[in-house]
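Visitor: Sharing a structure here in structure tokens format.
What follows is calculated from the coordinates using simple rules that are stated; it is not laboratory data. None of these values were measured; they are calculated from a predicted model. Glycine gets a Cβ as well: all are built from the backbone with ideal geometry, and neighbour counts include every protein chain shown.
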Amino acid sequence: MIASICLGPMLACLALGAQSTPPAPHQLIRDGLERSRDAFVRTGRGRVAFLGGSITFNPGWRELVGADLRRRFPDTEFEFVSAGIPSTGSTPGAFRLRRDVLAHGRIDLLFEEAAVNDSTNGRSALEQRRGMEGIVRHTLRSNPHADVVLLHFVDPAKMEDYRAGRTPEV
């Protein structure tokens, strides 16, 4: 399934098999992350991929997620695929998904981050949605049981919109 949420509730949802608190207004939780959780528990293996720009490339949240998954699933052997390239967004991500992520084998859980670079690279809202849709479709075509988490970090322009009471288009 697809989830577009914050990391804390996402990881709790993954570990517990259900969300323990109601989602915040900026969170959309579809059917949780049962598919990847099931794969981790049932097979004792998990391949987790991180696709995105510099936020994904640089040390930080990827390592925290990996450490938390290892802590929550101590009997699972994880392979983490790091596919962050600075300054790239969803359109180049859609074109490099096969080479940088899917070529590593069946992905159980994909984290995708591109929102900051999409807007700064001058991509239209339509192009951004199409890029994200391509990433999701190709991931699920490769493994219909994969879970996909779309991460939308904010940049100063988006924060200006939020402060003005507007929701960014993408």
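Visitor: Can you tell me how segment 48-111 classifies by the Cα gyration tensor, rounded, prolate or oblate, using a/c under 1.5 as the rounded cut?
Guide: oblate
Visitor: Once you charge only the Cβ atoms, +1 for Lys and Arg and -1 for Asp and Glu, what is the size of the charge dipole of the chain about its Cα centre, to the nearest 20 debye?
Guide: 320
Visitor: Ok, one more. Mind giving me the FRET efficiency for Arg106 and Ala157? R0 is 35 Å, r the Cβ-Cβ distance, nearest 0.05 is fine.
Guide: 0.40
Visitor: Shifting gears a bit: What are the semi-axes of the equivalent ellipsoid of segment 30-170, taken as the square roots of 5 times the eigenvalues of the Cα gyration tensor, listed largest first and rounded to whole Å?
Guide: 27, 16, 14
Visitor: Shifting gears a bit: Using R₀ = 25 Å, calculate the FRET efficiency as 1/(1 + (r/R₀)^6) where r is the Cβ-Cβ separation of Arg130 and Ala24; round to 0.05.
Guide: 0.40
Visitor: Next question, about the same structure. On a 0 to 90 degree scale, rounded to 10, what angle separates helix 34-43 from the longest Cα axis of the chain?
Guide: 30
Visitor: Taking the DSSP beta bridges in the chain as the whole, what percent of them are antiparallel, to the nearest 5?
Guide: Around 10 percent of the beta bridges assigned by DSSP in the chain are antiparallel ones.
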